[in-house]
Each structure stands twice: as structure tokens, then as C-alpha cells.
Amino acid sequence: MKKVIMGNHAVSYGVRASEAKVISAYPITPQTHVVELLSEMCANGEIDAKFIKVESEHSAMAACVGASAAGVRTFTATSSQGLLLMHEMLHWAVGARLPIVLANINRAVGPPWSIWTDQNDSLSQRDVGWLQLYVESNQETQDTIPQAFKIAEELQMPVMVVMDAFFLSHTYEIVDLIEAEKVREFLPPYQPEIKMDVNDPHSFGNLAGPDMYMELRYMIQEAMEKGIDVIKRVDKEFEKVFGRGYGVVEAYRCDDAETILVTSGTVASTTRAVIDEMRDEGISIGALKIRVFRPFPFEDVFEILSKAKKVAVIDRNISFGGHGIFYQEIKSALYGRTGIPILGYIAGLGGRDITPSVIREIADKALSDKNPERYINWIGVKR
């Protein structure tokens, strides 16, 4: 069934189809619609789940940690300061190897206070150990939720599905809704081998000495390294059932491109339109969308970008004192393997529009730039 829905509700329908059993969240703009609809679904029996109302985002993740440890499929959603307040419990979810799925609606971090989008809230959590998937459309948003549960449950690792505030969260698009009956072909019920059970007791979250701690961290890294192959396979399995797949990266007109623009989220859609215009002008240019940020798809990125003569990365984020964060990862993927110039561009912070004219400005600058060692190029800043 096709329905015109906002991106936030695309998350809700994805959770419903995935048959999550515990949902806990604290409302925060621009995420609120996600859990409002899910609370209605729980109340009217559309989804057989327990909705836990809490007093903060820290408590929301704590509730999810407890529920997941008890062996049930668990979901929450948040944005910005809410995600930052969860930070301690994000670490706990990873260390306890709990397959929680979290939808983060990217919102700029204050102060100054902002409700509009950029990626610094999710990217500031990049080192805690959550897998991170960045979506481009409402359809991809809905479809990624059951994929995230399957990935999480196979790896026994938590997964964050990340989407742009307002450009997706409050924007209505046609979505082909998936139903639980069909999703069960793809996502079987969650049945963990180890869970909190009075009839089969285990120790959870106990003290680990120096002789054990490092090995546990090594196991987390091993799971992350398996992640790319698992994500690819799960995506193919989803495509087999529903006819739609998304991959870990998406190359657009890159085969013969001399210059490639690297993007993520909704910026990818705008960039493709600009690429088509520039191709009509005879300019050899392409675009690469990064869908999976953690684990980072180093080999997939290298395979595509190594064919180009120049790479330009558009970041809707900034690592203060460093560079754009996707830019850092792209440099890491290509370091020591190619001498291709890589340029970084910061745009769209705090929800500022990244329009076709902004993309064209970046593309033109990249084509003419003779100083690739200038790592940070701010676009549209009023000086």
C-alpha cells in the first residue's frame, strides 16, 4: 500500500512492521512525531508492544538497555541534545552487545539554540560503537528500520538510523508501506541465545579486569569489521523480498568521472540533479553517496574514488579544530593508496539550505581549486 507520509512516520511504520516489543522515548523536536504515532499504535493495538514513558533521554536508553537485555526487540528515537544526554547509555548498549535500534533525526546542537538540521549530534557519537546508517528519502527511512534490526540482531550490536531534520522528518513523500506479515519473511522473531532469565542466570555488566577488558573491546571491533558484509547481505535479502535495495554507498555517473562529489543524506538528491546539469555541459563529474558511516566502507569508497582525478567532500558537520568529518574518513580511505587531491567543503550547518546553486558553487570551486591542501572551505559564511 502506498501512502503519503512524513519522514518521522516512515520511521514509525518501519518499527511497526518490524514488530518491536518495547519502545521507550522522551519527546524532542524534531523527533516527536516518531514516538507520538508509535504510542498511538501501542494504545490502539496496531502493534503488540510496551510503550515506556520516561523523564529523559538518558532514561529512555536505560529502559531500552534493560528490555533488550531481557531478550526483546527494542526501539527508541531522539535528536540533538537528547542524543547527547543518552551518551553514557550508548556506551552501555555497545559494551553489553545489545541490538537496540535508535532513529536519530539530525538536529544541530546548541547553543545557540537550533531545531534545524546538521550532522554533529550523531557524528559526535561516532566512536561509541554504534553502527550508523544515513538515509536519503522517506522510503529509504522506512525500509532501513527492519534492515537495522536484522543487522543489529546478527551482529549483537546497536544500530542508529540517521535522517535529516525537516528535509525528511516533516516532509511528506509517497512511501510504499511494508507490512509485518511480509517483513517476517525477512526478519524472524528475535530469539537471543543469552538474556536475563531467572531459570538460566548469567552475570551482566560485571567488573572486568585488565586481563579481560581488552579482549571484550577486540570482540566489538571484530563485530564492526564484519558489519559491512552483513549490511550488504541484509540489504540484498531485503531487496529480494521487497524489490528495493540501497547498498553501503551509491555511485552516480562515477564510471568516467574526473571529479567526484561525496555526499550523505538528502544532499545526495540535490547533488544528482546538479551532476546531470553539468554532464549536459560536457563536464566529467559524478557523485558518491555514503549511506553507511560506521563501520566505514573503506574498500567500497576506494574502489569508486580511486578512478577519479579529484574528490570533493560536502560535509554538513564540522570537527572543530579538525575538518569535516566525512572528509576525514574519505582521506583515511584513500591515504597511501592514491595521490588524488581531496578537498573538503562545509555547508548547511544549522539547517541552512544546500540548494542546487550551492552544490554548483562547490563543484565549480572544486574543479578550479589549485590548492587541495586547504582542508576546510566554508560555503556561504557571511564574513
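Of note:
- For Ser332: the one exception among (1) surrounded by 22 or more Cβ atoms within 10 Å (Cβ to Cβ); (2) more than 20 Å from Glu258 (Cβ to Cβ): (1)
- Test result for Arg337, outside the structural domain of Gln139 (by TED's automatic domain parsing), part of a helix (DSSP H, G or I) and not β-branched (Val, Ile, Thr): no
- Hey, Asp176 over 18 Å from Gly247 (Cβ atoms), in the same structural domain as Met89 (by TED's automatic domain parsing) and either crowded, with 24+ Cβ neighbours inside 10 Å or modelled with pLDDT under 95 (or both) or not: no
- Among residues of the stretch 302-341 being among the charged types (D, E, K, R) and free of Cβ contacts under 8 Å to residues at least 24 places away in the same chain, the one that is farthest from Asp369 (Cα to Cα) is Glu303.
- Residue among Val22, Val54, Val94 that alone is surrounded by fewer than 24 Cβ atoms within 10 Å (Cβ to Cβ), closer than 19 Å to Phe149 by Cβ and over 20 Å from the mean Cα position of the chain (by Cα): Val22
- Matching residues in the stretch 245-276 - criterion: being under 16 Å from Lys307 (Cβ atoms) and either charged (D, E, K, R) or assigned to a strand (DSSP E or B) (or both): Val249, Glu250, Ala251, Tyr252, Arg253, Asp255, Asp256, Glu258, Thr259, Ile260, Leu261, Val262
- Contact map, the stretch 64-85: residues that are not assigned by TED's automatic domain parsing to the domain that holds Gln191 paired with residues that are part of a strand (DSSP E or B) and not aromatic (Phe, Trp, Tyr), Cβ distance under 9 Å, separation 6+ or inter-chain. No pairs are found.
- The single residue among Glu215, Glu225 that is touching a Pro at 6+ places or on another chain (Cβ under 9 Å), exposed (fewer than 11 other Cβ atoms within 10 Å of the Cβ) and part of a helix (DSSP H, G or I) turns out to be Glu225.
- Per this entry, Ser39 is not counted among residues that are in contact (Cβ under 8 Å) with a residue 40 or more places away in the chain and within 28 Å of Gln139 (Cβ to Cβ).
- Residue within the stretch 248-256 that is surrounded by fewer than 16 Cβ atoms within 10 Å (Cβ to Cβ) and among the charged types (D, E, K, R) present: yes
The values are calculated or read from the model by the stated rules, or taken from the named source; none is laboratory data. Predicted model only: the values in this text are computed from it and were never measured. With ideal geometry, Cβ positions are generated from the backbone for all residues, glycine too; neighbour counts draw on all protein chains shown.
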